[in-house]
Every structure is written in structure tokens, then in C-alpha cells.
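Participant: Structure incoming, see below.
The values are calculated or read from the model by the stated rules, or taken from the named source; none is laboratory data. Computed from a predicted model, the values in this text were never measured in an experiment. Positions of Cβ are backbone-derived with ideal geometry, glycine not excepted, and every protein chain shown enters the neighbour counts.
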Ligand SMILES: Cc1cc2nc3c(=O)[nH]c(=O)nc-3n(C[C@H](O)[C@H](O)[C@H](O)COP(=O)(O)OP(=O)(O)OC[C@H]3O[C@@H](n4cnc5c(N)ncnc54)[C@H](O)[C@@H]3O)c2cc1C
Ligand code: HEM
Ligand code: SF4
Ligand code: FES
């Protein structure tokens, strides 16, 4: 029987982490060498964890399916990273960052974790600066900040529009230093396809070497998953094409609980999809809403080009509906509003699937130079993709999936319910509740990797002292190995007619339509049926060409899409059971008269963590009640 | 530092094409790597440039008549005389130039030899170059042309090798030049070789700034112009001499 | 729009490769080059043929996964643009487009258009870092970095490690990549302590795998991040200094 113990330390919230660090057991330097830690994923969370553990003296084996740890989805983050440095003297503090994050997450995250995140945020900046991350500077030579997404202080550090890239390259360089020193054994182009659990503990993984197809077992005293989010379940998202849920999902199927899968974030300012073969969506930084005005034509049959539509025929619907915040309402609110306009037929563009984001007023007011200085690179990117010049024509934007708050359930120590299995970064559910604030994912990934996991994994390993590395010839390894081999054979043998991408696209459409920005019970039930029947087809009609012992793109996708099917179903189930609207989860049945989200703290103030029961039995729900002692539960209002 | 045993199939698939050298004492250590060799090329190239410029400049005396020209030749032999013996500095310069040439050649050869290994299978479709211009891609052609020319030039006017310059008379510098350039095949060789030299310099006089790491936004624009003007001046000057003789301006 | 694609197909590192010709019909000018390959691949799978393998991930020009020779140019005709950001409106309708993988001894072909660029990781591993263990950093603002310096370091740090510079270089040299990675750190105050060791190690590791620069400048035009060959000049200078200076005096700023 699974019990959910979050293991939150006692004491006042400010002192919990300090106390925990004192209570966590240590491993002496000579013994650290005897432990092998497996780190799957070398994005921000994984690379930082692997490097730090190696610095401490552990043997680390790091895995990534990318060709180099310099690549990971993290590299695409544009906007920035938060930290409560209060360099701007504008009243920021860890407590305020904590408060903003809890509120932004719509009161569905764990207070203690978030507080720790806010405390650690300042150390992250120090560490990254020391590594040589070229953050933006003032003319004084000191670090510059900007404000970001719905908070009142400037606490976001950034490196042009490439913050994620620079942070990842920092973590990557630290990792490569350890690789050079022989402390980290690096396995690029190696994909984890199963978790090995022996006597209730995570003891290793099964991988496929993507170059040779070799399926291998790796043993470790502990396993860390930092394998990113599952946004690609929607097929079209802003996530990198290869991001997937397989590692987390396989862990789930080996017993790890999956928490809050229905909490997904839809970002309001992305470039709308063009044609059917559109492969991914591109995010346009949220900062554009600082100067751009969002509108649609009042008449849905208006075919005039935007600049010929006079003022009185335009509907600046955000400014109209939310006079106080206007175009700067939070992500979920802006996204849903855009969806409403498009659903009601007022969308713009050839497919009528976007809304205008117009800079003509800002250009008239501030001059083209100022706008160019602020957004030049974004405008260029937009023009590159659409062929339209945003200085002349308003941009067309539409919401797209961007981030997944849900993930594997972890306790305060970032350990899942399987001892020895730790989860960091976007792959866990930990800190963002039902909605993530801008510039906090990078912060969380690095907090987990640099400053939390190295302590908490040590504590676990201290209890494993004297235990030898499990042998990969043990039955659990061999069983897992065999199941992966069998599945490989199975995919290659189906011999149907449709490519994995083709299925994925169809699945994505179901998920987007029914488990997207707005959900309702009937739609969710329909989604479960549709997903199941499509999944049945998948195992009958999939076509994977080539063979298993070379680089085989379709085979890689076949595994990932198979897992997306199961995950999508769980998302629907989670969304269905959560009879409230909160953050990224909006149930049409639960809204106020003016269309705002209606939370139900009475009944749903908990983390919903699901336990796998086999492919055809619905998962079991476990609840971790959330208590709020340091912030008052309040309704978000932006009107 | 790279470990002996490969750590993954990805890494194992890529083997170094060269061993990292064990460091020799300075300044030999500079010459052990290609970045160092390129630096040596640039330094020796600069020596060459100075020489070529000086040589061209001195030869302009030709237009001032035989007396002036002989006087200049005499002057070269007696630089710093009587502090040092006659021709002493001339020989220092000659040996220095020879040394520079040898290094320049060796470095060029060894860079070529290295680079030819790095793309064993070339592109199977047509390449479309953008920046690599005609000059930069023909350094290995213009270089050897210059080398042959240097040999020819020495045989012609310094050593007076019978087969090359039958009318050669020791010490009669001016007459030797006029006699030589009056033969159109010789004049043509001079003209062609100097155009090659010009092309070589057009790339080299820009490239050396990169190789030496002389880079500053204030001068970067100027480097291209400098190289172009330098090349132009050398070609114009050196080509003018045979032309002047052929056209009877100098006789 | 429609195009004829001539694509290099090679089943494995040792296999013999060949060009295959494919037709891509019903292409919209909004599509990216990789999406055209997606379309061709769907057709191939439909016809029972193994799809074309190519590396990609972010599809927004930042991860550095993608990259191929398109009509003889690394990342195709548009300057400052990675293959994934290249849109079909840059091509003439009906054109024939030739696609080939990067070619260099240290970028062995894995399959079709996929090459192994792990030699870049060896260069980083040799010194592309600041040796600062987690936890040992000082307060971030104790070390002011002049804005111009931070900006220049960022210009270099933008490199996405795609390998186009090596691919485009007639010498198969990796100077642009190495100098970008090196100068990012060498320009910053944080990078000073290890500057000379880093320079030596990275340059000499680079030479283990790649050709050497003769200043064609081709890399700069291929680079999707417009990284300047100025950094190569800085690297050359640092290398000669690294070999020649008395490092014991570095603390006095005497270099
Ligand atoms: C367009 C965009 C912009 C963003 N901008 C911001 C921003 O400005 N600020 C912010 O804070 N956040 C931003 N985010 C969110 C943020 O980038 C991510 O949440 C974060 O980078 C995730 O980091 P990670 O380390 O958890 O995972 P990832 O970076 O996704 O890394 C996952 C790693 O796991 C590996 N992996 C996965 N599965 C396997 C497997 N089965 N076997 C082996 N290896 C595996 C991958 O190879 C990779 O190395 C943005 C996200 C997007 C999509
Ligand atoms: C007076 C004669 C010469 C002069 C003034 C001269 C000058 C130069 C200069 C300035 C450079 C650029 C160096 C750099 O960028 O580092 C150069 C490069 C070069 N030179 Fe010469 N050179 C001369 C003769 C030769 C000869 C005889 C050869 C014969 C092979 C030669 C072959 C080369 C080659 C191959 C390069 C390399 C091009 C490159 O790597 O960029 N040069 N030369
Ligand atoms: S320097 Fe430019 S071309 Fe070379 S790897 Fe970096 S981004 Fe690619
Ligand atoms: S796919 Fe990431 S740079 Fe092109």
C-alpha cells in the first residue's frame, strides 16, 4: 500500500530547509567514491545535479538521448530566471517570491518546497555568475533585472533572449569538467526505457543505445530522473520536438506516483499554426504584451487587412474585460480569452486561428527605434516564420502548450514514493502548483540540481552504506531488459500503415481539443474513449520501418508515442476528477458569472497522485492534503 | 583531459586525427601546433611584406637614371659601414629572409598536409562559397608561383645564370635589368609572377592580422583596405618596371 | 509550391552513400525546411521506405541539433539562420534542392544527414569551463563586469554548437566554434584565473580533431548565430600569449 509522506521538516517555514540540512545524513568523502548515482537527463536539472554530485565525489553515470548534454529542451527558454536578490531595492525578498509563486500557482503547491525554492534562488544566481553565465548588465557593470509575468517587482535575470541557453551551457560546462576528470561517465544518445526496482528500491535503468540499438542495463545506488515535461503530449507545443514523457512514465509504471497530470500551462503568445504539417509552435516572449495591444475585428466577417480596419471596428477585448490589468492579465486568463474570440468566429489570419497583437500605437508613441531595441530579435523571428513584418502589420498570436506543472510525485527531499528514485526539474510536480509563473522553471530546475538533490540523495545513500552495487544479472534487471526487448520487437513487427507521427498528431488533436485550455466532463469522458480507441489502432496499424540495431527515428518515436497515449488518458482522468477550476486547469462547469476560474478549496486543496494498476485498469488516486499556514487562501482577481 | 578508454559509443566513433604534442622548450613550443605555425607564417609573411615593399621602393630609383640606381645598389652593400664590414647587413638580411622563407614554406606545407586529412570524403555536391574568395583559396597556387619566381629572379639578376640571362655582367645592375626585361618572355614572367604575388598579398596582408590576433574594432575596417592597397602598390610598382623597359621609358 | 529534393542517403557509418531524388509536392511557403523533410518522410513511410534521418529538436534555431548542406551552403542560403528556421519562401517554386550531411573526418556520418559532433564535447571537456564547484561562488554583484565586456562575451556565448562552421570551412577547421567557446570565458573576469591553461587545452584539443584555419572567413557566413571571426583573432592572440607569458605574474595584471 502506498503512503504519501511529504516528509516536511518541522518548525517555522523560514527554518525548515536549514533544519533539514542539518538532519540529513552525510556520507564521508572516502565512502562517496563507493556510490554510483544514475542521472537520467542532462537538461538544467540533470546536468546541474550530475555535476554537483560528481564534485562531491560520487560516481555519476549521466544519460541523455541528445547527441550532447549541451542540448536539451532547457536551451530554448528565452525570458529569464527569477531570484529574490532585491538588487532593485523594490521590496523583493524570499518571502515575496514565495508568496508570488504560491499565489501564481493558484494555491495548489506545497508551501515548504516553494519557500525553499525562494531561499535558494539567490545562490543560483551567484553560482551561475561564477561559472561565467553572461547575464545582462547595467552600465555600472552590475546585474540587470527586468519584470516578468504578473508580479510587481523586477527580479528576473536574463541573458538577451537566450537565458535558458546560457544557463544550460553553464551547467553543461560544469558537467563536462567532471566528465574530463573521469567523475562522470557520460552516455549521450542513450535513452532510458525502463526503471529497475529491486526490493522496493530503485536500483537501475534499462537503456537503448540509439546508435547501435543495444539494450543495456545500468545499476546504481540511486536513480535521479530529470527528464523534462510532457507538453508534447499535445503534439503541437512550444517544447522541443524530442521532449517526451517516457522516462517518467516508465517509472510510473514501475510504481512511482504521477501527480496532477492535468495541470498544463498554455502560453498566450505563440505564433498560430500554419498548415497541417506544422511540426511545432514557436513562443513569442510574454514581454511583448508590455507594449502590444491585443484585438480582433468586431465583425467576424471582416476581411479587410488589419491596418485598414478603423478603431471603432476593433475589439480590444482584454482592455475591455479587464480594465485594471488590460493586456497584462496572467497567462491562463489571456489564453482563455483568446480562445473565446477564436471559438466565436472572430479569429484572424487565413485559418482564422489567431488574434492580433498590435504595436502600431507603441511605435507611434515611442518610436520605431525603441520598439526595435526592446523586441528587435522577436520581430525578426516572427518575420522569419510568417513572412509578415510586425512593424507594419500586427502580429498574429494564439495560445500554445508550453509547460507541464504535473509530474512524478516527490516528497520534500525530491524523492518519489519509490526509495532511491529522485526526480528533479520539470519532470517532478513539485513547486508550481496549478500554474507556473514566468521565469520560475529555470530557477526550479537549477535549485533542484545544484542545491537540493546533492544533499537529499546523500541522505539516502548514507542509509545504503556497505550495500554493494546491485548486479545487472539479477532478475529485476533481466526482466526489465526483456520487456524492453520485447516491446522493440513488437513495434517492428506490427507492420501497419501509419507512422508514429501520424498517430501522435491525431492524439495531440484530441488532447488539445478536450484536455486543453478549457475542459468539461463530457469532453473528458469522450477523450478517454477516443484515446483508448486510437491506442488500440496504434498497436494494430503502426508502421515502424528499418530495424532495431541502427539509428531508427521511427522506433524511438514509437516508444514515446506509446507512452503519450497512456499519459493522455491519465490527464483526462485527473482533469475529470478535479471538479474545480484552478490555474491551468479550467473546467467549464466551474466558473464565475463573468467567466473566471472558480476554485474549490474545501474539496480539492490536495495533490492528486495516481498509482498505476496496469494498462487496462484505471489508476488509483492518492491524496496529499495541502495546508496553508503562511499565506491566506484567496481568490485571484485581475479585473 | 581526454581519457584513454572511450566512454560511450558516441565518443568511440570519433578518433583524433592527430596526437597532442608533448611540449618542447620555448620558442620551439610555438611551432608545435597549427595555431602557432600560422603565427609563424604571419610573422615571416610580414618579413616578406617588408622586403617586397622595400625591394619595390628601391627599384623605383630605376626611373631616376642609371647613376641613381647604381648608387642605391651600392648603398645596400654599405649599410652601417664602416661600423660593420661591407655587405655585412646585406648578408644578415639575406639569411634572415632565407630563414623566413624556409619557415613560411614549411609552415605552409605542414598546414596543408594537416588540412588535407580532415575531410577524407569531400562534398559530393557543388559547394557554394560565400566568403572564401579567389585569393584565399589560391594561396597554395600563388605561393609556389612566387617560389619559382624567386628562384628565377635570383638566377636572372643575382647569380646571372647563363641559361637564364646570357647577357649578365657582374656589377652592372642597371644594364642587367634592362637587358633582361627587353626580352618579352622574361618580362611576361615578371608580370605574371607579380600578379600572383599581388593576389597572395591581397589575402595575406589581411589574414596576418587574424593570425597574429591584431584585432580591434577601430582598425578592423582598415585591414581589408590596407591589404588591397598594399597588394595594388606592389603589383603596380613591380609590373611597371618590365613595362617601362619594354616601352622604352627606361633604357 | 513543389520541389525536387536530392538527398544524401547512407544507411550507416560504414555504408556507401548515394543521392536519392524525391519529389515534395503541396508545399506551402510557410513551411520550414525540416517540415518539408517531414512531408517527404511521411510519403516514404507510406511507400514502405525508411524515412530520411536528420537531427533536430528545438526547431527554433537554438539547440544546434539541425544542420545540413543545402545547395552547397551550410544551413542553406539565408544568412544567420539554422536549417530549422529556413522557410520555403526563400526558394524558387519548382527548384531542385541538393541536401548533404556535414562532412569532416571528426564528424563521421551516423546515418543519412545525421553526423556525430561529439568532438565538440571533447574540446569543452578540455577547458571550456570555470572550475567553480557548486557552493563556492561569491555574491554575484561583488564582481562588476563592464557592460561592453558582458555583451561581447554573450556574442561569443551564443554559439549553438551546430558545426556549420566546420562544415563550411574548406579546411574543416573548428576555429570559430572553439574561439567562441573560449572567448566567452576568456573575456570575462570570472574566466581569468584559468585563462591560459584553458586556451592551451582547448586549442590543442581542437587540433587533435579538426583542420586549421587559413582565414577564409567562410565559417562566419555559415554561422546561424553570426559569430564573428574576431573571436578567432582573440583566440590566436591568447594562444601565443599562453605559450609565451610568465604566468606567475598574471596576478599583477602583467600577463
Ligand atoms: C519555449 C519555452 C520557453 C521557456 N522559457 C522559460 C523562461 O524564460 N523561464 C523559465 O523559467 N522557464 C522557461 N521555460 C520552461 C523551462 O525551459 C523548462 O521547464 C526547463 O528548462 C526544464 O528543464 P529540465 O532540466 O527539467 O528538463 P529538459 O531541459 O527538458 O531536459 C530533459 C533532459 O532529459 C533527457 N531525457 C528525457 N527523457 C530521457 C530518456 N528517456 N532517456 C534519456 N534521457 C532523457 C533529455 O535528453 C534532456 O537532456 C520555457 C519553456 C519553453 C518551452
Ligand atoms: C615574398 C614572398 C611572400 C610574401 C610577402 C608572403 C606573404 C604572406 C603573408 C603575409 C601570408 C599571411 C600569413 C598569415 O595569415 O598568417 C602568407 C600566407 C601564405 N603564404 Fe606566403 N608569402 C610569400 C611567399 C610565399 C611562398 C614562396 C609560398 C610558397 C608556398 C607561400 C605560401 C603561403 C601560404 C600557403 C600561405 C597560407 C595561406 C593561409 O594559410 O592563409 N608564400 N604569405
Ligand atoms: S560558431 Fe556558429 S557555426 Fe560554429 S558551431 Fe557555433 S553556432 Fe554553429
Ligand atoms: S532544431 Fe534546434 S537549432 Fe535547428
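Participant: Among the numbered criteria (1) on the phi < 0 side of the Ramachandran plot; (2) facing chain C (nearest Cβ under 9 Å); (3) modelled with pLDDT of 95 or more; (4) within 22 Å of the chain's Cα centre (by Cα), which one does residue A:189 miss?
Facilitator: The number of the failed condition is (1).
Participant: Without any contact (Cβ under 8 Å) to a residue 12 or more places away in the chain, in the same structural domain as residue C:243 (by TED's automatic domain parsing) and over 24 Å from residue C:251 (Cα atoms) - does that describe any residue in the stretch C:198-212?
Facilitator: Yes - at least one qualifying residue is present in the stretch C:198-212.
Matching residues to (1) part of a helix (DSSP H, G or I); (2) free of Cβ contacts under 8 Å to residues at least 40 places away in the same chain; (3) within 15 Å of ligand 4 (Cβ to nearest atom); (4) surrounded by 23 or more Cβ atoms within 10 Å (Cβ to Cβ):
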position	(1), (2), (3), (4)
C:13	no, no, no, no
C:16	no, yes, no, no
C:28	no, no, no, no
C:40	yes, yes, no, no
C:57	no, yes, yes, yes
C:78	no, yes, yes, no
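Participant: Regarding the stretch A:44-54, can at least one residue be identified that is within 17 Å of residue A:190 (Cβ to Cβ), crowded, with 24+ Cβ neighbours inside 10 Å and within 16 Å of ligand 3 (Cβ to nearest atom)?
Facilitator: no
Participant: In the list C:178, C:134, C:142, which residue meets the criterion of being without any contact (Cβ under 8 Å) to a residue 60 or more places away in the chain and within 16 Å of ligand 1 (Cβ to nearest atom)?
Facilitator: One residue alone meets the criteria, C:134.
Participant: Then there's this: Can you pull out the residues in the stretch C:155-200 that are under 22 Å from residue A:162 (Cβ atoms), out of contact with any helix residue (DSSP H, G or I) (no Cβ under 6 Å at 6 or more places or on another chain) and in a loop (DSSP other than H, G, I, E, B)?
Facilitator: Correct list: C:158, C:160, C:162, C:163.
Participant: Considering (1) in a loop (DSSP other than H, G, I, E, B); (2) at pLDDT 95 or above, say which one residue B:97 fails and leave the rest.
Facilitator: (1)
Participant: Let me ask something else. Just give me the residues in the stretch A:130-162 being touching a strand residue (DSSP E or B) at 6+ places or on another chain (Cβ under 6 Å) and more than 9 Å from chain C (Cβ to nearest Cβ), in sequence order.
Facilitator: A:145, A:146, A:147, A:148, A:154, A:155, A:156
A quick yes/no check of all residues on (1) within 16 Å of ligand 4 (Cβ to nearest atom); (2) crowded, with 24+ Cβ neighbours inside 10 Å; (3) modelled with pLDDT under 95:
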| position | (1), (2), (3) |
| --- | --- |
| C:64 | yes, yes, no |
| C:69 | yes, yes, no |
| C:93 | no, no, no |
| C:106 | no, yes, no |
| C:113 | yes, yes, no |
| C:121 | no, yes, no |
| C:125 | no, yes, no |
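Participant: Could you please find all residues in the stretch A:528-559 being touching a helix residue (DSSP H, G or I) at 6+ places or on another chain (Cβ under 8 Å), within 13 Å of chain C (Cβ to nearest Cβ) and assigned to a helix (DSSP H, G or I)?
Facilitator: Answer for the stretch A:528-559, where residues must be touching a helix residue (DSSP H, G or I) at 6+ places or on another chain (Cβ under 8 Å), within 13 Å of chain C (Cβ to nearest Cβ) and assigned to a helix (DSSP H, G or I): A:541, A:554, A:555, A:557, A:558.
Participant: Among the numbered criteria (1) away from chain C (no Cβ under 13 Å); (2) within 16 Å of ligand 3 (Cβ to nearest atom), which one does residue B:129 miss?
Facilitator: The failed condition is (1).
Participant: Now for a separate question. If I ask for residues that are surrounded by fewer than 24 Cβ atoms within 10 Å (Cβ to Cβ), in contact with a helix residue (DSSP H, G or I) (Cβ under 7 Å, 6 or more places away or on another chain) and either within 10 Å of chain C (Cβ to nearest Cβ) or at negative phi (or both), which ones from the stretch A:56-67 would you list?
Facilitator: The answer is A:56, and nothing else.
Participant: Which residues, counting only those in the stretch C:1-11, are within 25 Å of residue B:15 (Cα to Cα) and out of contact with any strand residue (DSSP E or B) (no Cβ under 6 Å at 6 or more places or on another chain)?
Facilitator: C:11
Participant: Same structure again: Do we have any residue at all in the stretch C:164-173 that's crowded, with 24+ Cβ neighbours inside 10 Å, facing another protein chain (nearest Cβ under 7 Å), within 16 Å of ligand 4 (Cβ to nearest atom) and free of Cβ contacts under 8 Å to residues at least 60 places away in the same chain?
Facilitator: Within the stretch C:164-173 (the criterion being crowded, with 24+ Cβ neighbours inside 10 Å, facing another protein chain (nearest Cβ under 7 Å), within 16 Å of ligand 4 (Cβ to nearest atom) and free of Cβ contacts under 8 Å to residues at least 60 places away in the same chain), the answer is no, since none of the residues qualifies.
Participant: Applying the selection to the stretch B:127-153, what residues are out of contact with any helix residue (DSSP H, G or I) (no Cβ under 7 Å at 6 or more places or on another chain) and closer than 18 Å to residue C:73 by Cα?
Facilitator: Within the stretch B:127-153, B:127, B:128, B:133, B:134, B:137 qualify.
Participant: Going through the stretch C:50-80 one residue at a time, which ones are more than 16 Å from ligand 1 (Cβ to nearest atom) and facing another protein chain (nearest Cβ under 7 Å)?
Facilitator: Result: C:50, C:51, C:53, C:69, C:71, C:72, C:73.
Participant: A further question on this structure: Give me a count of the residues in the stretch B:180-202 that are out of contact with any helix residue (DSSP H, G or I) (no Cβ under 9 Å at 6 or more places or on another chain) and in a helix (DSSP H, G or I).
Facilitator: The number of residues fulfilling the criteria is 1.
Participant: Going by what's in this entry, would residue C:38 be described as closer than 19 Å to residue A:505 by Cα, away from chain B (no Cβ under 14 Å) and either out of contact with any helix residue (DSSP H, G or I) (no Cβ under 9 Å at 6 or more places or on another chain) or within 13 Å of ligand 3 (Cβ to nearest atom) (or both)?
Facilitator: No; evaluated as a whole, the condition is false for this residue.
Participant: Okay, next question. Given (1) over 21 Å from residue A:22 (Cα atoms); (2) in contact with a helix residue (DSSP H, G or I) (Cβ under 6 Å, 6 or more places away or on another chain), where does residue A:440 come up short, assuming only one miss?
Facilitator: (2) is the only condition that residue A:440 fails.
Participant: Further question: For the stretch A:574-583, check the following and say yes or no: at least one residue is at pLDDT 95 or above, assigned to a helix (DSSP H, G or I) and surrounded by 22 or more Cβ atoms within 10 Å (Cβ to Cβ).
Facilitator: yes
Participant: Quick check on my filter: what residues within the stretch A:380-423 are in a helix (DSSP H, G or I) and surrounded by fewer than 20 Cβ atoms within 10 Å (Cβ to Cβ)?
Facilitator: A:380, A:383, A:385 - these are the residues of the stretch A:380-423 that are in a helix (DSSP H, G or I) and surrounded by fewer than 20 Cβ atoms within 10 Å (Cβ to Cβ).
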